[in-house]
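Here the structure comes first, spelled out in structure tokens, and everything after it is commentary.
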């Protein structure tokens, strides 16, 4: 990691060099949905949830079928997105303690978790603010106690809270005045539109409403419709469906505001989610498992980019990308040179603009801790007690390898032939196993990834 002072000096030079071209900079809207699974949207194949506004927005740009979060749960995923760095760089692996689940079920002493993103990690709004952007945070922040300390000029409802106490007033841990009987997502969007009324280009909007995270509290006028609608492919929770549709309605209102103000055509829009859907509430078939697991259902996300005249509409890519790629791609379109900033993702603008359909590089996930299961039966995890045990994962090309620290277990899947990760090929493809394991071991060294080895004295065989 480069010295922070050097980074700030570099960015200061960039600010000076870019200040003469303020009018040409695009607005940037980054939409990061909480706990929305890969197939929780109409354009991704859901036949139960209704998302006409998001579907229409996705059709205006490029959809990625193989888009990932850099972690399977919220705090580390958001830390990766905002810092542009793998989890071992910042040490945020989960929410709260790393000792999740019963002590006598944990064979190893897990790596200690970090709960606050250290200030020496420059994040997206800080860099954009230094380069002439007005910055606004909306909804869930979760990386420290106040997003205004991290480069945002405006904060609408963000804190260290991971979810609201209630979507109906009083919201309690979400500090927003007014609203009367308004559903929280509606009030947050209303305040976001008020922010847009106060700015001229360029602005950065991080739209990260708490929905569709628990508590699952229905939007009452929509509930009867979904109660009377047949479920499909593991998706049948009527209360959750109302939250999805209401979120879609609010994103439609936000886009309509950009259109009405003449801002939409000069706005880069990124849409993704922070981790997979909560298994037991929603499913992503044929993907395996859900939030907290490092099978595809826990990390593969809905993911698309829209930017008129730069990204062709109604396009699709199967290039594997991760939310680590958002930071360098935003910098590219904002006209900020990436000199002096160490980022682990890649600028994917060549893919977005149709200049290439290849991006050869491995993707990694590291989780040296425990995360207990929601359900002990039928959860599709490796075992019924944990969504994941300590381990690492690498995807390279069509192949994906899981490595577990407790028993040195290895699982190897060909995602092109087995997207559901049902057929472990570790004994059939030993050369591929060694290739991916070698990539993973080198990455551990490069990042200084902590590997838990100490035995837990409370563990019971």
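Filtering region 39-52 down to residues that are touching a strand residue (DSSP E or B) at 6+ places or on another chain (Cβ under 9 Å) and assigned to a helix (DSSP H, G or I), which residue is surrounded by the fewest Cβ atoms within 10 Å (Cβ to Cβ)?
Once the filter is applied, the top-ranked residue is 43.
So which of 178, 139 is closer than 29 Å to residue 37 by Cβ and either free of Cβ contacts under 8 Å to residues at least 24 places away in the same chain or surrounded by 20 or more Cβ atoms within 10 Å (Cβ to Cβ) (or both)?
From the options 178, 139, the qualifying one is 139.
Is it the case that some residue within region 140-155 is over 19 Å from the mean Cα position of the chain (by Cα) and over 29 Å from residue 328 (Cβ atoms)?
Within region 140-155, none of the residues are over 19 Å from the mean Cα position of the chain (by Cα) and over 29 Å from residue 328 (Cβ atoms).
Across region 164-175, what is the number of residues that are more than 17 Å from residue 242 (Cβ to Cβ) and either surrounded by 18 or more Cβ atoms within 10 Å (Cβ to Cβ) or touching a helix residue (DSSP H, G or I) at 6+ places or on another chain (Cβ under 6 Å) (or both)?
Residues meeting the conditions: 2.
Go through 277, 231 for me and flag whichever is over 20 Å from the mean Cα position of the chain (by Cα) and modelled with pLDDT of 95 or more.
231
When you scan region 243-353 for strands (runs of 3 or more DSSP E) that lie fully inside it, which ones turn up with 3 or more residues that are surrounded by 24 or more Cβ atoms within 10 Å (Cβ to Cβ) and at negative phi?
267-273
Scan 221, 215 and give me the residue that is surrounded by fewer than 17 Cβ atoms within 10 Å (Cβ to Cβ), assigned by TED's automatic domain parsing to the domain that holds residue 82 and not in a helix (DSSP H, G or I).
Only one candidate qualifies: 215.
Could you please let me know if residue 55 is at pLDDT 95 or above, more than 17 Å from residue 391 (Cβ to Cβ) and in a loop (DSSP other than H, G, I, E, B)?
no
For the condition in a loop (DSSP other than H, G, I, E, B), in contact (Cβ under 8 Å) with a residue 40 or more places away in the chain and closer than 22 Å to residue 95 by Cα, what is the one hit in 167, 171?
On inspection, the qualifying residue turns out to be 167.
Going by the structure shown, is residue 309 closer than 17 Å to residue 86 by Cβ and touching a helix residue (DSSP H, G or I) at 6+ places or on another chain (Cβ under 9 Å)?
In short, no.
The values are calculated or read from the model by the stated rules, or taken from the named source; none is laboratory data. Just so it is clear, the model here is predicted, and its values are computed rather than measured. Don't worry about glycine lacking a Cβ; one is built from the backbone with ideal geometry, like all the others, and counts go over all protein chains shown.
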